[in-house]
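A.B. asks: Mind looking over this structure? Questions follow.
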Amino acid sequence: MLPANPTTSPDLEQKAAAADLSGVDGEGSFHGYASLFGIADLAGDMVIRGAFQRSIAARQASGIRMLYQHDPAEPIGIWTEIREDGRGLFVRGRLMLDVARAREVASLMRAGALDGLSIGFKTVRARADRQAGVRRLTEIDLWEISVVTFPMQPDARVSAVKADPPQPSSHLAARMRRAALSLNRRNSK
């Protein structure tokens, strides 16, 4: 069982991986990679394929939180899919755009100013590879994935961002009025 506030647990580790996010759309949906297999991060940790399997099976995507900068007071959305593939930990999520911070995050992602993901976890099993100078993480208890500014794993980055969200209907109505006035002026000449 998780503590009431797992991100304040002294045993919880956080590993930031620059997000390979694709397409933040008008509804706040995006996808990418939160961790890449076989690549050492800046702290010398390397996640091994299969490390997330048990945790994902136990929690499912709905049990793993989406936070901003690992702050448990700043949930910004939900994960709709979390799975391992040949490359790493693939994630698909949706920012809740009725939350102010999530709107800010979506805007920053679209602008390319925010492109990192970071996993919050406890190490279940790991082995030190002194010769390679890395710690190989073979089983991870995944609690949360955050959108962050500075990732720990530089090889994963935001790859594409879709167009801005649709304009509110009030903007569309104003543009339509201006177009109608312009057309009326041309026709009355």
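Throughout, read-outs are computed from the coordinates displayed, never taken from laboratory work. The structure presented is a predicted model; accordingly, all values stated were derived computationally and were not measured. Counting neighbours? That spans all protein chains shown, and the Cβs are built from the backbone with ideal geometry, glycine included.
A.B. asks: Would you mind calculating the gained length between residue 58 and residue 150 on full extension (0.36 nm times residue separation, minus the Cα-Cα distance), in nm to one decimal? Write out the running numbers ahead of the final one.
C.D. replies: Numbers: separation 92, 0.36 × 92 = 33.12 nm, distance 2.88 nm.
Stretched out fully, the residue 58 to residue 150 stretch lengthens by 30.2 nm.
A.B. asks: Could you tell me which of rounded, prolate or oblate describes segment 94-149, using a ≥ b ≥ c as the square roots of the eigenvalues of the alpha-carbon gyration tensor, with rounded for a/c under 1.5 and, failing that, prolate when a/b is larger than b/c and oblate otherwise?
C.D. replies: Values: a/c = 5.86, a/b = 2.31, b/c = 2.54.
Oblate is the answer for segment 94-149, as a/c is 1.5 or above yet b/c matches or exceeds a/b.
A.B. asks: For residue 37, which sequence-distant residues (separation of 5 or more, or a different chain) have an amide H within less than 5 Å of its own amide H, given hydrogens modelled in the peptide plane?
C.D. replies: 88, 89
A.B. asks: Applying the Karplus parametrisation 6.51 cos²θ - 1.76 cosθ + 1.60 with θ = phi - 60° to the phi angles of segment 75-89, what ³J(HN,Hα) value in whole Hz is obtained for each residue in order, glycine and proline being reported as x?
C.D. replies: For segment 75-89, the Karplus-derived couplings read x, 10, x, 9, 8, 9, 8, 9, 7, 8, 9, x, 8, x, 8 Hz, x marking Gly and Pro.
A.B. asks: How far, in nm, would the chain grow between residue 107 and residue 74 when pulled straight, counting 0.36 nm per residue and subtracting the alpha carbon separation? Please report the intermediate quantities before stating the final value.
C.D. replies: Working: separation 33, 0.36 × 33 = 11.88 nm, distance 1.65 nm.
The span from residue 107 to residue 74 would gain 10.2 nm if fully extended.
A.B. asks: While we're here: Could you give me the ³J(HN,Hα) list for segment 30-44, computed from phi with Karplus coefficients 6.51, -1.76, 1.60 and θ = phi - 60°, whole Hz, x at Gly and Pro?
C.D. replies: Ordered by residue, 3J(HN,Hα) equals 7, 8, x, 10, 8, 7, 10, 6, x, 10, 5, 8, 5, 9, x Hz.
A.B. asks: Another question, then. For segment 80-122, run through the trypsin sites (Lys or Arg not before Pro) and keep only the ones in DSSP coil with at most 16 other Cβ atoms within 10 Å of their Cβ.
C.D. replies: Numbers: sites: 83, 87, 92, 94, 101, 103, 110, 122; in loops: 87.
Within segment 80-122, the qualifying trypsin sites (Lys or Arg not before Pro) (loop, at most 16 other Cβ atoms within 10 Å) are 87.
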